[in-house]
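Student: Mind having a look at this structure? Questions to follow.
The values are calculated or read from the model by the stated rules, or taken from the named source; none is laboratory data. Since the structure is predicted, the reported quantities are computational estimates derived from the model, not experimental observations. For neighbour counting, all protein chains shown are included, and Cβ atoms are generated from backbone atoms with ideal geometry for every residue, glycine included.
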Amino acid sequence: MKLYTKISIGLMAGVVVGIGVNLTAWEFGANVVAAIENFGIGWIRLITMVVIPLVVASLVVGAASLGDLRSVGRVGGKTVAYYLITTSVAVSIGLILSNVIKPGSGLSEASRQGLLAEYGGEAAGRIDLAQQAPGIVELLLNMIPRNPISAAANTEMLPLILFSILFGIAATTIREDRRKAVLGFFEGVNDISMQLIRWIMVLAPYAVFVLIAGVTARFGFEILQSLLWYTGTVAFGLLLHAFGTFSFILKFLARLNPLEFFRRIRNAQLLGFSTSSSSATLPVTIQIAEENLGVSKKIASFVLPLGATVNMDGTALYQGVAVMFIAQVFGIELSLFAQLTVVLTATLASIGAAGVPSAGIITLTIVLVQAGVPETGIALILGVDRILDMLRTSVNITGDLTGTVLIAQTEGESLDLSQRLETKESVGAA
Ligand code: ASP
């Protein structure tokens with residue numbers, strides 16, 4: 001049986017078990033689900049364990065094969081342009097849908113009061129976290145590591161990416177025997193990391209089962225009902241962006257068959273969905289780009305770690321809808337100008353969000369403040385945040401992979417998705 005089928009079965013079984021426990025409020029079942037969920041948490045740690053060695057090794061090797069600062073600058077420029085444009089499109093989709101559907105007008109006064117009372121305390125905690133966020137100058141300064149080892153130890157991706165790229169480029173300028181030794185070492189680390197991922201992926205179906213069972217067992221289905229319009233608007237927008245915007249880019253700009261593309265990346269999407277974390281999924285995303293899509297290491301290693309950290313179309317789209325929803329519930333009219341500002345702030349807020357669960361709702365506070373919408377309003381949407389987090393993370397990852405193939409094509413890589421996949425080793429073997 002293919003890995004994808006196994007993961008899908010794990011996911012569906014998890015949903016069935018979780019919903020069963022949830023709806024019957026079966027205490028013993030809930031305890032068992034909570035206990036086995038630890039297996040899933042351990043598994044996420046296992047893949048996260050490979051992130052740093054894989055990103056450093058593949059970036060050093062990748063940057064060395066890009067060769068010089070000019071090529072890095074060109075690829076970097078394209079990457080950043082792609083990220084900014086697609087993210088702004090995503091927010092715009094969220095805003096347009098919210099204007100048309102008006103999800104906030106469907107919330108009853110009783111539900112509003114109930115949600116504010118129930119989630120007010122938790123919301124205050126998130127707002128505090130957002131207030132500790134660094135300013136823009138500090139953010140830029142923080143991209144330069146004082147010490148690459150401590151950046152690696154604290155999983156600070158942007159400084160680590162900067163260091164690895166400079167290290168890789170500098171490596172091309174030194175004496176050949178030494179260069180070969182250093183690059184050979186990193187090539188080895190890269191291959192070993194990929195092998196570890198293949199092993200870890202064998203456990204993916206079981207991990208997905210317990211993670212999904214845990215999430216659904218705890219989920220508040222009653223809240224879903226009162227927030228149905230909001231949840232539906234975000235979900236519809238995400239689907240539109242994932243299958244509309246990205247299909248357009250794939251077909252007309254990258255000249256690749258979108259359906260075949262989606263088929264080849266579906267394991268990464270499923271893992272993004274199950275873990276709610278672009279960063280935890282990163283090793284699998286890199287492997288899928290190289291092995292299933294045929295993207296070179298020099299492009300994949302550059303575009304994907306950056307994407308997992310800064311490119312979050314799903315998050316930005318969700319923030320667009322959330323701002324409008326909260327404004328509508330509080331009866332605040334957002335002018336066209338205010339909404340255009342939201343495009344900018346949500347793009348920046350999604351860049352600032354880390355690739356970990358619930359990061360998007362923390363940086364949402366920044367967008368709310370800018371738009372003059374009470375930030376306490378996040379209490380209204382906290383109850384359904386997890387399910388939307390799962391969806392938006394899948395979209396974030398799809399955006400990263402779409403960008404990778406587009407940039408690879410524009411760099412002359414001539415990808416060909418009509419070739420059959422080498423199924424025996426590949427994690428994403430579709
Ligand atoms: N969980 C998302 C991610 O990792 C970020 C978010 O909360 O929107 O991509």
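Student: Quick one: would you say Val342 is touching a residue at least 60 places away in the same chain (Cβ under 8 Å) and either more than 15 Å from the ligand (Cβ to nearest atom) or of a type in the set (Asp, Glu) (or both)?
Tutor: In short, yes.
Student: Right, another one. Test each condition in (1) at pLDDT 90 or above; (2) farther than 24 Å from Phe219 by Cα; (3) of a type outside the set (Val, Ile, Thr); (4) within 16 Å of the ligand (Cβ to nearest atom) for Gly352 and report the one that comes out false.
Tutor: (1) is the only condition that Gly352 fails.
Student: Taking the range 214-249 only, how many residues are at pLDDT 95 or above and either within 27 Å of Val51 (Cα to Cα) or of a type in the set (Lys, Arg) (or both)?
Tutor: The number of residues fulfilling the criteria is 3.
The rows are residues; the columns are (1) on the phi > 0 side of the Ramachandran plot; (2) touching a Pro at 6+ places or on another chain (Cβ under 9 Å); (3) within 10 Å of the ligand (Cβ to nearest atom).
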residue: Val356; (1), (2), (3): no, no, yes
residue: Gly360; (1), (2), (3): no, no, yes
residue: Thr363; (1), (2), (3): no, no, yes
residue: Leu368; (1), (2), (3): no, yes, no
residue: Ala371; (1), (2), (3): no, no, no
residue: Gly383; (1), (2), (3): no, no, no
residue: Ile387; (1), (2), (3): no, no, no
residue: Arg392; (1), (2), (3): no, no, yes
residue: Ile407; (1), (2), (3): no, no, no
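Student: Give me the residue from the range 295-337 that is under 18 Å from the mean Cα position of the chain (by Cα) and away from the ligand (no atom under 16 Å from the Cβ) and, out of that set, nearest to Glu187 (Cα to Cα).
Tutor: Step by step, filter the range 295-337, then rank; the result is Ser301.
Student: May I ask you to list pairs of residues, at least six apart or on different chains, whose Cβ atoms are under 7 Å apart, with the first in the range 224-237 being part of a helix (DSSP H, G or I) and the second being modelled with pLDDT under 90?
Tutor: The qualifying pairs are Ser226/Leu107; Ser226/Ser111; Trp229/Gly106; Thr231/Leu224.
Student: Just a yes or no: is a residue in the range 382-390 in contact with a helix residue (DSSP H, G or I) (Cβ under 9 Å, 6 or more places away or on another chain), at pLDDT 95 or above and either within 27 Å of Arg255 (Cα to Cα) or aliphatic (A, V, I, L, M) (or both)?
Tutor: Checked against the condition, which is being in contact with a helix residue (DSSP H, G or I) (Cβ under 9 Å, 6 or more places away or on another chain), at pLDDT 95 or above and either within 27 Å of Arg255 (Cα to Cα) or aliphatic (A, V, I, L, M) (or both), the range 382-390 yields at least one hit.
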